[in-house]
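Student: Let me give you the structure first, and then I'll get to my questions.
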């Protein structure tokens, strides 16, 4: 990893920790030692390295910082537009006000386009299946789905606008 990439990763982590204002953001989730092994181990490793600092190691989110990832991603993965939303979100980030589980969040999720398509798909599958417990009827996301969205670059505000077409009513 280049020094610039390492510095950017550290800076992103510091910003999220500072925004959370607490050290518990880095603590393991309660009961994590007894948690079953992740079905998507590569995705779990990527999630812990890139996402857990803001969303928490269990994906439960951090109040006033980042929303939980325990319900919506599994719901999104069941539809074509929802799958697009997942890929766009990790590729281009998301910023602006959103509501998740009746709680408002106004934050800026960074983009992760520097990661390859297979890693992003594995990370999304970890979130959808290991954290979100999507049913077996939902098929895993594939690297080519991420690649298709990578071909149409947008910004985090456009990702938020697209989200309006896939969220459950009133959210």
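Student: Check the range 58-79 and report whether any residue there is more than 25 Å from residue 104 (Cα to Cα), in contact with a helix residue (DSSP H, G or I) (Cβ under 6 Å, 6 or more places away or on another chain), buried (at least 19 other Cβ atoms within 10 Å of the Cβ) and at pLDDT 95 or above. Even if it seems obvious, please write down each step before you answer.
Tutor: Initial filter on the range 58-79 (more than 25 Å from residue 104 (Cα to Cα)): none.
No, there is no match, as no residue in the range 58-79 is more than 25 Å from residue 104 (Cα to Cα), in contact with a helix residue (DSSP H, G or I) (Cβ under 6 Å, 6 or more places away or on another chain), buried (at least 19 other Cβ atoms within 10 Å of the Cβ) and at pLDDT 95 or above.
Student: Of the conditions (1) at positive phi; (2) surrounded by 13 or more Cβ atoms within 10 Å (Cβ to Cβ); (3) out of contact with any helix residue (DSSP H, G or I) (no Cβ under 6 Å at 6 or more places or on another chain), residue 96 fails just one. Which one is it?
Tutor: (3)
Per-residue answers, yes or no, for (1) within 19 Å of residue 45 (Cβ to Cβ); (2) in a loop (DSSP other than H, G, I, E, B); (3) in contact (Cβ under 8 Å) with a residue 12 or more places away in the chain:
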position: 78; (1), (2), (3): no, yes, yes
position: 105; (1), (2), (3): no, no, yes
position: 115; (1), (2), (3): yes, yes, yes
position: 165; (1), (2), (3): no, yes, yes
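Student: Further question: Being out of contact with any helix residue (DSSP H, G or I) (no Cβ under 7 Å at 6 or more places or on another chain), closer than 23 Å to residue 39 by Cβ and surrounded by fewer than 16 Cβ atoms within 10 Å (Cβ to Cβ) is the filter here; which residues of the range 119-171 pass it?
Tutor: Passing the criteria: 135, 136, 137, 139, 144.
Student: Moving on to the next point. For residue 135, are the conditions met, namely being part of a loop (DSSP other than H, G, I, E, B) and closer than 13 Å to residue 86 by Cα?
Tutor: It is false that residue 135 is part of a loop (DSSP other than H, G, I, E, B) and closer than 13 Å to residue 86 by Cα.
Student: Looking at the range 43-76, which of the residues that are part of a helix (DSSP H, G or I) and in contact with a strand residue (DSSP E or B) (Cβ under 8 Å, 6 or more places away or on another chain) is nearest to residue 148 (Cα to Cα)?
Tutor: In this case the residue turns out to be 72.
The values are calculated or read from the model by the stated rules, or taken from the named source; none is laboratory data. Since the model is a prediction, treat every value here as computed from it, not as a measurement. As a convention, Cβ positions derive from the backbone with ideal geometry for all residues, glycine included, and neighbour counts pool all protein chains shown.
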